[in-house]
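This report refers to the structure that appears directly beneath it.
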Amino acid sequence: MLALLALAGVRVALRRLPLDRVQGGLAALAGRFGRFLPQPPPPPTRIAEAIRLAARYLPGSTCLPQALAAHFLLSLYGHAARFHIGVARREDGRFEAHAWVADDSGVLVGDLPDLGRYVLLSSVDREGYVGIRGAFQAER
């Protein structure tokens, strides 16, 4: 249920606010309310599964809101994970963007068979550190 609420909230926020404000708001919420959640936290893979399931009930939930909601819930429960945005050029020459979330075990949300073709533009960890293109390699 929390995954569905998080995903719906992120989708609404993205319609009204720029990405950096949404990320900042989610980081503040995670830091403020994470300590009130029941322990032990669910494992990262369970949170990722919950986001994927919630996306089935909210048509139009693209990679960006899914990745943001997953990163928020992972941070809320104290898991170390990184939110990534990358771009790639299609065969027709147009650019496409993709967002995903990874931890030390690999990609949790937003995995693609060809994820390695995306050039990483930014990466945000639980503490809100933002890395800019050239500082990171795409993670699998």
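The values are calculated or read from the model by the stated rules, or taken from the named source; none is laboratory data. Since this is a predicted model, take the numbers as computed values, not measurements. Here the Cβ positions follow ideal geometry from the backbone for every residue, glycine too, while neighbour counts run over all protein chains shown.
What is the one condition in (1) aromatic (F, W, Y); (2) in a strand (DSSP E or B); (3) closer than 18 Å to R15 by Cα that F72 does not satisfy? With respect to (1) aromatic (F, W, Y); (2) in a strand (DSSP E or B); (3) closer than 18 Å to R15 by Cα, F72 is out only on (2).
Within the stretch 85-105, which residues are in a strand (DSSP E or B) and over 14 Å from A67 (Cα atoms)? The answer is V87, A88, R89, F95, E96.
Checked against the criterion of being assigned to a strand (DSSP E or B), at pLDDT below 95 and among the small types (G, A, S), the candidates G116, G131 yield just one match: G131. Scanning the stretch 16-27 for residues that are of a type outside the set (V, I, T) and assigned to a helix (DSSP H, G or I) yields R16, L19, D20, R21, Q23, G24, G25, L26, A27.
Take the conditions (1) under 21 Å from V10 (Cβ atoms); (2) part of a loop (DSSP other than H, G, I, E, B); (3) modelled with pLDDT under 95; (4) in contact with a strand residue (DSSP E or B) (Cβ under 7 Å, 6 or more places away or on another chain); F136 misses just one of them, which is (1). Just so you know, in the stretch 81-105 the residues that are among the aromatic types (F, W, Y) and crowded, with 24+ Cβ neighbours inside 10 Å include one that is nearest to L26 (Cα to Cα), and it is F83.
Each row is one residue, and each column tells you yes or no for (1) among the basic types (K, R); (2) buried (at least 17 other Cβ atoms within 10 Å of the Cβ); (3) in contact with an Asp or Glu (Cβ under 7 Å, 6 or more places away or on another chain).
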| residue | (1), (2), (3) |
| --- | --- |
| E49 | no, no, no |
| R56 | yes, no, no |
| S61 | no, yes, no |
| F72 | no, yes, no |
| H79 | no, yes, yes |
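One residue stands out among those in the stretch 20-44 that are in contact (Cβ under 8 Å) with a residue 24 or more places away in the chain and over 15 Å from G78 (Cβ atoms): the one that is surrounded by the fewest Cβ atoms within 10 Å (Cβ to Cβ), which is G24. The condition (being assigned to a helix (DSSP H, G or I), among the small types (G, A, S) and within 17 Å of L121 (Cα to Cα)) is satisfied by just one residue among A30, A13, A67, A8: A67.
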